[in-house]
Amino acid sequence: MTPEMFWELFLDELCNKESTPMHSYYKFAKKDISFEFRKLYFLKRLNYVYKNIVGSDNIVWDCGCGYGTTGLFLAMNGIRTIGYTIEPVFYNLIFDRFNYWRQFGPVELFTVEYRNIFYDPPAPSFADIIIVQDTLHHLEPLSDALSILKNALKANGRIIVIEENGANPIQQSLLYWRRGHNKVRIYYDDVLGREVVIGDENIRNIKQWSSYFNSAGLDLELNSLEYIRFFPPFVYSLVKSETVNTIENFLVRKLSLVNVLFFGMNFIARHKIDSTRN
């Protein structure tokens, strides 16, 4: 199932459901001026996953699976996926979605666990691919998290990272206005019955990510790096999304200095060639 096919079914799912937290999370209202803007962003991220996973026989761990959308997409493509979350609002709604998606594919390939990786890490070397989508900036302490991810990854495995671009001055300013210098917070998790440390949107730029991954014994593959979403929403009401996509691709290739103004980025990391597993 291609990302475009999945998108149409996903949109029908949202439109045919009564209002849930998913609606406010995804904000896909067709009459909204931001609809095409959000649609293209959603599809570009899903296409990144698609081209790097689909078509191969892999076990995927979606660390921080949210509402399970990526896991359901991979299940529709016949890929076994294990999702972890520590958000009750996400966890409780995922299983309700199975009734809709089982008419299109094998939803049983997607399983979900309410599990904190710091207190209950996964088995060593169980995953061919790990997806961390909008999740790395929540994992603290980050160095410990990367060690856990690496330990769960098979020797030739990959970590697919989908993140906000921490170099973006606008996004950094908005986050600073909201939470100041305090990039880490602690809250009590009723399900786990304990306090949990979480990064408060602790986004980083590509150089910072590369440094952290390198220290963890992981190589960030710069040829896998993609920047996405440059223009503001109103542009999509004036120009076709295909044209916007073409212009953004041109800017990334030809004017690298503007990369700091892209909102999102995707990249892949692997085990260092000379690294060994304990």
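The values are calculated or read from the model by the stated rules, or taken from the named source; none is laboratory data. Since the structure is predicted, the reported quantities are computational estimates derived from the model, not experimental observations. Glycine gets a Cβ as well: all are built from the backbone with ideal geometry, and neighbour counts include every protein chain shown. Side chains included, ligands, DNA and RNA excluded: accessible areas come from the protein's heavy atoms. Shrake-Rupley method; radii C 1.70, N 1.55, O 1.52, S 1.80 Å.
What to note about this one:
- Applying the criterion of at least 2 residues that are more than 28 Å from Ile247 (Cα to Cα) to the helices (runs of 4 or more DSSP H) found wholly in the stretch 1-81 leaves 3-16, 21-26, 69-76.
- Identity of the residue in the stretch 119-150, surrounded by fewer than 18 Cβ atoms within 10 Å (Cβ to Cβ), in contact (Cβ under 8 Å) with a residue 60 or more places away in the chain and touching a strand residue (DSSP E or B) at 6+ places or on another chain (Cβ under 8 Å), that ends up farthest from Val161 (Cα to Cα): Tyr119
- Close pairs (9 angstrom Cβ cut-off, 6 or more residues apart or separate chains): more than 17 Å from Ile206 (Cα to Cα) in the stretch 246-258, open to solvent by 70 Å² or more (accessible area, probe 1.4 Å) anywhere: Leu251/Leu261
- Among the candidates Val191, Val258, Val239, the residue that is in contact with a Pro (Cβ under 7 Å, 6 or more places away or on another chain) and not aromatic (Phe, Trp, Tyr) is uniquely Val191.
- In the stretch 171-192, the residues that are under 25 Å from Leu261 (Cα atoms) and touching a residue at least 60 places away in the same chain (Cβ under 8 Å): Gln171
- Selection status of Tyr84, touching a helix residue (DSSP H, G or I) at 6+ places or on another chain (Cβ under 8 Å), closer than 19 Å to Thr69 by Cβ and not charged (D, E, K, R): no
This table checks each residue for (1) within 22 Å of Ile228 (Cα to Cα); (2) in contact with a helix residue (DSSP H, G or I) (Cβ under 6 Å, 6 or more places away or on another chain); (3) acidic (Asp, Glu).
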position: Phe110; (1), (2), (3): no, yes, no
position: Asn156; (1), (2), (3): no, no, no
position: Gly166; (1), (2), (3): yes, no, no
position: Arg185; (1), (2), (3): no, no, no
position: Gln208; (1), (2), (3): yes, no, no
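- Here Phe234 passes the criteria (1) in contact with a His (Cβ under 8 Å, 6 or more places away or on another chain); (2) open to solvent by 70 Å² or more (accessible area, probe 1.4 Å) except the one numbered (1).
- Sole residue being within 13 Å of the chain's Cα centre (by Cα) and within 25 Å of Ile117 (Cα to Cα), chosen from Val89, Val49: Val49
- Cross-chain or 6+ apart pairs with Cβ under 6 Å, the stretch 65-94 first and at positive phi and open to solvent by 10 Å² or more (accessible area, probe 1.4 Å), then among the hydrophobic types (A, V, I, L, M, F, W, C) and part of a helix (DSSP H, G or I): Gly66/Phe90
- Counting the residues of the stretch 103-117 that are surrounded by 14 or more Cβ atoms within 10 Å (Cβ to Cβ), of a type outside the set (Gly, Ala, Ser) and not in a strand (DSSP E or B) gives 7.
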